[in-house]
Amino acid sequence: NKSLSALGDVIAALLEKRTHVPFRNSQLTRLLSDSLGGNSKVVLLAHVSPEAASLPETQSTLLFAQRCSQVELGKAKVNATGGGGSSEAAMTAVAKYKGELETTKSRAARAEAEAVALREELAELKRRQRIPSREPLSPVSR
């Protein structure tokens, strides 16, 4: 699998502390670049099989996991925009959007009630027009 080989190359580059880490070699490593770049904590789960037929793959997986465990990414950094208190700003934004949502819901309910009233009025007007008039309408001749 090309993606797993590229991930192995990235892990090797991180382990050797190379200046260039080939994150762009596959879609998988591009997706993981933020996580593997040192701004987060990373957990790797290695799935191994106890069956004798899977021994070579299990050994390969364990060697890969051992190499991964030797990589030191440094301390995880807090990703914050602006200066401190970004969670408070996020909570304020959530409260604002909840208020907007409630306003929109009430507008929609009023619009629906108005639509129902207009449908009823239209139905009433159609019923009134069904009363036969005295003279049938004839086309205008020129």
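Rank-order 111-123, 23-35 by packing density, defined as the average count of other C-beta atoms within 10 Å over each peptide's residues, highest first.
Sorting 111-123, 23-35 by mean packing, highest first, produces 23-35, 111-123.
Ranked highest first by average number of other Cβ atoms within 10 Å, how do 11-19, 88-96 line up? Before the final figure, lay out each step's value.
Working: 11-19: 13.1, 88-96: 10.6.
Result, highest mean first: 11-19, 88-96.
Just tell me which lysines come within less than 18 Å, Cα to Cα, of Lys75; anything on the same chain fewer than 8 places away is out.
Excluding near neighbours in sequence, the set is Lys17, Lys41.
Going highest first, how would you order 59-70, 98-109 by mean Cβ packing within 10 Å?
In descending order of packing, they fall as 59-70, 98-109.
Could you work out how much longer the chain between Val48 and Arg67 gets when fully extended? Use 0.36 nm per residue separation minus the Cα distance between them, nm to one decimal.
The Val48-Arg67 span can extend by a further 5.3 nm.
Taken together, the values in this text are just the output of simple stated rules run on the coordinates, not laboratory data. None of these values were measured; they are calculated from a predicted model. Every residue, glycine as well, gets a Cβ built from its backbone with ideal geometry; the counts of neighbours run over all protein chains shown.
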